[in-house]
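Asker: Take a look at this one; I'll ask things after.
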Amino acid sequence: LILGLVPGPKQERNNTTKIHDAGEKYFLLGVTVTFSSDEVKMRFLNAFAPYATYVRENEPTTLSYEIFESDKDSKRVFIFERYVNKDAYINIHRSSESFLKFRSNLTAMTEKGDAVIEGHSYLESGIGYI
């Protein structure tokens with residue numbers, strides 16, 4: 001496994017879990033990753049799948065965490081991340097041992113020239129729908 005995972009405690013999602021304060025805007029992160037080859041991209045996708053499962057099962061304040069493949073460039077993906085707020089991203093998602101391991105391996109890919117990362121963060125406007 002190229003991007004190893006470290007299991008953490010499982011947190012159940014349920015309708016009684018308060019994950020968003022009224023009036024607070026959701027925090028979004030969009031990350032584009034361009035790989036040096038289709039083979040490197042496939043290794044990343046194979047490693048991303050179990051990590052995304054970990055996020056879904058252990059981070060109730062992460063509302064969306066999905067990867068999309070470009071229909072124009074076979075070596076490019078887009079990762080869409082949606083959190084109840086920026087604090088959930090910084091203090092829960094980014095501080096988990098699993099994230100640190102995942103990010104460390106992705107950083108190694110960039111240092112080897114196998115991946116180029118571009119990311120931007122946003123606050124939802126409340127106009128439209130997801």
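The values are calculated or read from the model by the stated rules, or taken from the named source; none is laboratory data. For clarity, every value in this text was computed on a predicted model and none was experimentally measured. All Cβ positions, glycine included, derive from the backbone under ideal geometry; neighbour counts span all protein chains shown. For accessibility, only protein heavy atoms count, side chains too; no ligands or nucleic acids. Shrake-Rupley method; radii C 1.70, N 1.55, O 1.52, S 1.80 Å.
Asker: Can you name the condition, by its number, that F99 falls short on among (1) buried (at least 18 other Cβ atoms within 10 Å of the Cβ); (2) modelled with pLDDT of 95 or more; (3) in contact with a helix residue (DSSP H, G or I) (Cβ under 7 Å, 6 or more places away or on another chain)?
Answerer: (2) is the only condition that F99 fails.
Asker: To continue, here is another question. What is the residue count in the stretch 102-123 for residues that are in contact (Cβ under 8 Å) with a residue 40 or more places away in the chain and loosely packed, with under 13 Cβ neighbours inside 10 Å?
Answerer: Final tally of qualifying residues: 6.
Asker: If you don't mind, there's one more thing I want to ask. Kindly indicate whether R82 is under 16 Å from A47 (Cβ atoms) and of a type in the set (K, R).
Answerer: Spelling it out, it is not the case that R82 is under 16 Å from A47 (Cβ atoms) and of a type in the set (K, R).
Asker: Out of all the residues in the stretch 60-70, is one or more at pLDDT 95 or above, open to solvent by less than 50 Å² (accessible area, probe 1.4 Å), of a type in the set (D, E, K, R) and not in a helix (DSSP H, G or I)?
Answerer: For the stretch 60-70, residues at pLDDT 95 or above, open to solvent by less than 50 Å² (accessible area, probe 1.4 Å), of a type in the set (D, E, K, R) and not in a helix (DSSP H, G or I): absent.
Asker: Please find, within the stretch 39-61, the residue that is nearest to the chain's Cα centre (by Cα) out of those that are closer than 17 Å to K101 by Cβ and hydroxyl-bearing (S, T, Y).
Answerer: Result: Y51.
Asker: Please go through (1) at pLDDT 95 or above; (2) open to solvent by less than 50 Å² (accessible area, probe 1.4 Å); (3) in a helix (DSSP H, G or I) for D87 and return the number of the only condition it doesn't satisfy.
Answerer: For D87, the failing item is (2).
Asker: Another question, if that's okay. Mind checking which residues of the stretch 15-41 are farther than 19 Å from I92 by Cβ, open to solvent by 50 Å² or more (accessible area, probe 1.4 Å) and modelled with pLDDT of 95 or more?
Answerer: Result: S36, D38, E39.
Asker: Follow-up question, since we're still on this one. Residues of the stretch 96-130 being farther than 15 Å from V33 by Cβ, over 13 Å from the mean Cα position of the chain (by Cα) and in a loop (DSSP other than H, G, I, E, B), which ones?
Answerer: Hits for the stretch 96-130 are E124, S125, G126, I127, G128, Y129, I130.
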